[in-house]
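The values are calculated or read from the model by the stated rules, or taken from the named source; none is laboratory data. A quick note: this is a predicted structure, and the numbers were derived from the prediction, not measured. Quick reminder, even Gly has a Cβ in these numbers, built from the backbone with ideal geometry, and neighbours come from all protein chains shown.
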């Protein structure tokens, strides 16, 4: 059962490149369309954390279309760096999905700031980190 859950998760979150220009990457992430209104905190957390690494200028998701637009400094990052970072980040969030589901909306902004700082520190030297790294418990409190 766990394997089927994981396969289902990855088919919903695996980013697919829709459009690319130097410094701009639009991705399709089907799960974004399925985020219920009372889970908007998850989308906000994702945007803040995706924009954390040095070289990423901004990340904006569109729940209507299921797309994610990432604007980045092409002199600092390559598309492969961003996709590798997203893979690691999504794997970390998959492992912590129960914590995300149970998070009250009022706490989401604080957790997003803490997670953003932590990811920024983890990606200071390079934009990709180990997807098996554990998010410290203090971030969730």
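Restricting attention to segment 61-86, the residues that are over 13 Å from residue 133 (Cβ atoms) and assigned to a helix (DSSP H, G or I) total 7. The condition of being more than 21 Å from residue 29 (Cα to Cα), in contact with a helix residue (DSSP H, G or I) (Cβ under 8 Å, 6 or more places away or on another chain) and buried (at least 18 other Cβ atoms within 10 Å of the Cβ) holds for only one of 119, 133, 111, that being 111. Do we have any residue at all in segment 91-99 that's touching a helix residue (DSSP H, G or I) at 6+ places or on another chain (Cβ under 6 Å) and assigned to a helix (DSSP H, G or I)? The answer is yes, given that some residue of segment 91-99 is touching a helix residue (DSSP H, G or I) at 6+ places or on another chain (Cβ under 6 Å) and assigned to a helix (DSSP H, G or I).
One residue stands out in segment 109-129 among those that are under 14 Å from the mean Cα position of the chain (by Cα) and in a loop (DSSP other than H, G, I, E, B): the one that is farthest from residue 51 (Cα to Cα), namely 129. The single residue among 82, 45 that is in contact with a helix residue (DSSP H, G or I) (Cβ under 6 Å, 6 or more places away or on another chain) and either touching a residue at least 24 places away in the same chain (Cβ under 8 Å) or buried (at least 19 other Cβ atoms within 10 Å of the Cβ) (or both) turns out to be 45. Checking residue 20 against (1) modelled with pLDDT under 85; (2) in contact with a helix residue (DSSP H, G or I) (Cβ under 7 Å, 6 or more places away or on another chain); (3) surrounded by fewer than 19 Cβ atoms within 10 Å (Cβ to Cβ), which single condition isn't satisfied? Tallying (1) modelled with pLDDT under 85; (2) in contact with a helix residue (DSSP H, G or I) (Cβ under 7 Å, 6 or more places away or on another chain); (3) surrounded by fewer than 19 Cβ atoms within 10 Å (Cβ to Cβ), residue 20 fails exactly one: (1). When we screen 60, 34, 99 for residues that are modelled with pLDDT under 85, farther than 15 Å from residue 14 by Cα and surrounded by fewer than 16 Cβ atoms within 10 Å (Cβ to Cβ), the only hit is 99. With respect to the conditions (1) under 17 Å from residue 35 (Cα atoms); (2) surrounded by fewer than 19 Cβ atoms within 10 Å (Cβ to Cβ); (3) in contact with a strand residue (DSSP E or B) (Cβ under 6 Å, 6 or more places away or on another chain), residue 94 lacks only one, and its number is (3).
So residue 54 passes all but one of these: (1) modelled with pLDDT of 80 or more; (2) surrounded by 15 or more Cβ atoms within 10 Å (Cβ to Cβ); (3) closer than 23 Å to residue 134 by Cβ. Which condition number does it fail? It fails just one condition, (2).
In this structure, does residue 43 turn out to be under 26 Å from residue 104 (Cα atoms), in a strand (DSSP E or B) and either modelled with pLDDT of 85 or more or touching a strand residue (DSSP E or B) at 6+ places or on another chain (Cβ under 6 Å) (or both)? Against the criterion (under 26 Å from residue 104 (Cα atoms), in a strand (DSSP E or B) and either modelled with pLDDT of 85 or more or touching a strand residue (DSSP E or B) at 6+ places or on another chain (Cβ under 6 Å) (or both)), residue 43 does not qualify. Filter segment 48-65 down to the residues that are without any contact (Cβ under 8 Å) to a residue 24 or more places away in the chain and within 11 Å of the chain's Cα centre (by Cα), then identify the one that is nearest to residue 22 (Cα to Cα). Across segment 48-65, the extreme among qualifying residues is 59.
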